[in-house]
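Here's the structure, in structure tokens; my notes come after.
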């Protein structure tokens, strides 16, 4: 930032200096030319006439004494075709060059280097004097040393003043940049302190421009801590859930229980259910961090419908509602939740399953209804207890399906409720998820 500011300041000052130099230099030269024009008109033309011999003469001596001093730096010369040149005494043994230019009615200014080591500024004009048919060329020349010295002094002042101005601006830009970015150095130190364990949060005494950054970092830290705590809690729950089956297996093996094989199969199934449940939660938590997660509800339902139709030939799954609805859930998790709900409806119903998709921004409702016997209102909450089953018909199941659906839905900011189906008479499961 400092280098870019220095380059930009230098470019602007250089361009501004060139423009100002051009304006002031032109003004100095124009003022110098106006003095030469005054001498031409008032010192020469106003006092010139044609003498008896046909040559130009002055009615009065030039007022500027420099015309009389040899090599004074101010000269004049009058030239005419077929006549001798009439130079000022200051020219002494030198003569001004006459450039061919017919009919110079308006004064012409130009720089001349005809005199060695004495650059000149020349004004010339053609005049026809009364009583003469000759066109006379009047020239006034003055050394450029005066204006060159003024221009050198002007440029010296411009260069030093613009250099100091540029240096001051660069220093100011550098100080402003360092001061403006200094809070970021503090943020870096605070992050280092957090990483080393000295602090847990970044303080909020930062400028308004930096505070959104520190707030986001603090929220990220809080999110990471929450995830770490959630991971520890799940690990503890899983360890606790596996502890009892492992104890049963150990005791049965130690006591040489004749039904050891049955006990191993039963307890292994319990442990598998617990592992499946916690793995499902862990996968959902890991994928939740993706803010770009989107899934089409209709595509997921069609996939679940095909799978359930193959597993339960007696059941018919109908889908209706918004085909364009999307939810902010990973497709794999959505398939798992819908698969559990639709499979339960097909398994415990009498053959009809009806699924409706309703987009109620900012949420999407997915309603799964069946024509089964339903569940009493006071018993519905028990279905969300891990391992709890109300079915007594002996149909295969782990008792973890609805618990997994509830846990995964809550991870994504959704929920599931159980109601009574008014159309089919069985159970109605309403899964609500954030819309995409």
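Laboratory data are not the source of any read-out in this text; all were calculated from the coordinates shown. Because the structure is a prediction, the values reported are computed rather than measured. Every residue, glycine as well, gets a Cβ built from its backbone with ideal geometry; the counts of neighbours run over all protein chains shown.
Exposure proxy shown here: for 278, 223, 350, the number of other Cβ atoms within 10 Å sets the order, fewest to most, as 223, 350, 278. Relative contact order (percent) for the stretch 295-434, with alpha-carbon contacts under 8 angstrom and 6 or more residues of separation? So the answer I get is 25 percent. Inter-part distance, the stretch 414-428 to the stretch 183-206, computed on C-alpha centroids, equals 51 Å.
I need to check one value: relative contact order of the stretch 22-107, counting alpha carbon pairs closer than 8 Å and at least 6 residues apart, in percent. Can you show the working numbers first?
Working: 70 pairs, mean separation 15.1, N = 86.
Computed over the stretch 22-107, the figure is 18 percent.
Rounded to the nearest 5, the antiparallel percentage of DSSP beta bridges internal to the chain is 90%. Relative to the dominant Cα principal axis of the chain, helix 2-38 is inclined by about 20°.
Listed from fewest to most Cβ neighbours within 10 Å, the set 148, 204, 407 follows the order 204, 148, 407.
In the chain, the longest principal axis of the Cα atoms and the axis of helix 297-311 are about 30 degrees apart.
How long are the semi-axes of the equivalent ellipsoid of the stretch 2-150, defined as square roots of 5 times the Cα gyration tensor eigenvalues? Whole Å, largest first.
On the way: eigenvalues 314, 49, 34 Å².
So the equivalent ellipsoid measures 40, 16, 13 Å along its semi-axes.
Please give the direction-averaged projected area of the C-alpha convex hull for the stretch 295-434, in square nanometres with one decimal. Each step should come with its number before you reach the end.
Details: hull surface 30.5 nm².
Quarter of the Cα hull surface area: 7.6 nm².
Our summary of shape: the Cα atoms of the stretch 212-270 have principal axis extents of 67, 17, 8 Å, ordered from largest down, in whole angstrom. Distance between the pseudo-spin-label points of residue 179 and residue 384 (7 Å out from Cα toward the beta carbon): 5.7 nm.
For the stretch 128-220, a Kirkwood radius taken over Cα pairs fed into Stokes-Einstein (37 °C, viscosity 0.692 mPa s) yields D = 165 µm²/s.
When only Cα pairs under 8 Å and 6 or more residues apart are kept, what is the percent relative contact order across the stretch 140-249?
Details: 22 pairs, mean separation 14.5, N = 110.
RCO, the stretch 140-249: 13 percent.
Each residue, residue 226 and residue 83, gets one label point 7 Å from its Cα in the Cβ direction; the gap between the two is 10.6 nm.
To one decimal place, what orientation-averaged projected area in nm² is obtained for the convex hull of the Cα set of the chain? The partial results should precede the final answer.
Values: hull surface 182.2 nm².
The number I arrive at for the chain is 45.5 nm².
Under a Gaussian network description of the chain, with springs only between Cα atoms under 10 Å, the residue in 176, 65, 150 that fluctuates furthest is 65. Averaging 1/r over each pair of different alpha-carbon atoms in the stretch 179-279 and inverting the result gives 17.6 Å, the Kirkwood hydrodynamic radius. Compute the angle between helix 145-195 and the longest alpha-carbon principal axis of the chain, please, reported from 0 to 90 degrees and rounded to the nearest 10. Between the helix axis and the principal axis of the chain, the angle is about 10 degrees. Across 418, 242, 260, mean-square fluctuation computed from a Gaussian network of the chain (C-alpha pairs under 10 Å connected) peaks at 260.
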